[in-house]
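Since every read-out is calculated from the coordinates, none of them should be taken as a lab result. Predicted model only: the values in this text are computed from it and were never measured. FYI the Cβ positions are ideal-geometry reconstructions off the backbone, even for glycines, and counts take in every protein chain you see.
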Amino acid sequence: MSEDVWPPLNTLSTGLRCRCPRCGKGPLLKGFLTLRESCPECGLDYGFAEPADGPAFFAMSAMGIIGMIGFMVFEFTVQPPVWVHMVFTFPLIAAACVGLLRPLKGWMVAEQFVHKAAPPEWKSVGKHGDGSPWR
Ligand SMILES: [Zn+2]
């Protein structure tokens, strides 16, 4: 097998572990949420990756549903005083949102790599500008 040929990897496995979507070994992020320039193991340029606000959207949506279900079950079964929610429930939901950001970002970048996602490009018909200014 040539070094240029990489077997396809499971996007969930590499993404949720925040690993390179091509080799599955190199780290994808530096710090908490900053994308690296490239993979230190295989040299894949991460310039294609642009998850934007996707991880935050999915984390908030998931925790909005799961967190509210948990909140309502807790409220209607235990009926704690309000301060318990302020000290325990709401910080727990916020921490779960933050905790989901890294794996969701890794997963979205892995999906972008596998599906060769790129910003939309279109040709101008000549009357409304010169096309997409993205690249
Ligand atoms: Zn790699």
Let me have the relative contact order for the stretch 11-114, percent, based on Cα pairs under 8 Å that are six or more residues apart.
45 percent
Using amide H atoms built 1.01 Å from N in the peptide plane, name the residues 5+ places from C20, or on other chains, whose amide H lies under 5 Å from its own.
K25, G26, L28
About the Cα centre of the stretch 11-114, what is the dipole size in debye to 20, counting +1 per Lys and Arg Cβ and -1 per Asp and Glu Cβ, all else neutral?
320 debye
Calc'd 3J(HN,Hα), the stretch 42-51, phi into Karplus 6.51 cos²θ - 1.76 cosθ + 1.60 (θ = phi - 60°), Hz, glycine/Pro = x, comes to 10, x, 4, 6, 7, x, 6, 7, 8, x
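So what are the chain's ellipsoid semi-axes, whole angstrom, largest first, if each one is the square root of 5 times an eigenvalue of the alpha-carbon gyration tensor? Spell out each step's value before the answer.
Details: eigenvalues 279, 101, 29 Å².
Listed largest to smallest, the semi-axes of the chain are 37, 22, 12 Å.
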Scoring only Lys, Arg, Asp and Glu (+1, +1, -1, -1) among other residues with Cβ under 10 Å from the Cβ of R19 yields +2
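Restricting to lysine pairs 8 or more places apart or on different chains, what number in the chain have Cα atoms under 23 Å apart?
5
Can you give the helix-only mean residue ellipticity at 222 nm for the chain, where every DSSP H stretch with n ≥ 4 adds -39500 (n - 2.57) and the sum goes over all residues, rounded to the nearest 500 deg cm²/dmol?
Details: 3 runs with 56 residues, N = 135.
Value at 222 nm, helices only, nearest 500: -14000 deg cm²/dmol.
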List, in order, the whole-Hz ³J(HN,Hα) value for each residue of the stretch 18-23 obtained from phi through the Karplus relation with A = 6.51, B = -1.76, C = 1.60 and θ = phi - 60°; use x for Gly and Pro.
6, 10, 4, x, 8, 9
Of M72, L29, A49, which is farthest towards the positive pole of the stretch 11-114's charge dipole, taken about the Cα centre with +1 and -1 on the beta-carbons of Lys, Arg and Asp, Glu respectively?
L29
For the stretch 87-95, in order, what is each residue's ³J(HN,Hα) by Karplus, 6.51 cos²θ - 1.76 cosθ + 1.60 with θ = phi - 60°, in whole Hz (x at glycine and Pro)?
8, 10, 5, 5, x, 5, 5, 5, 5
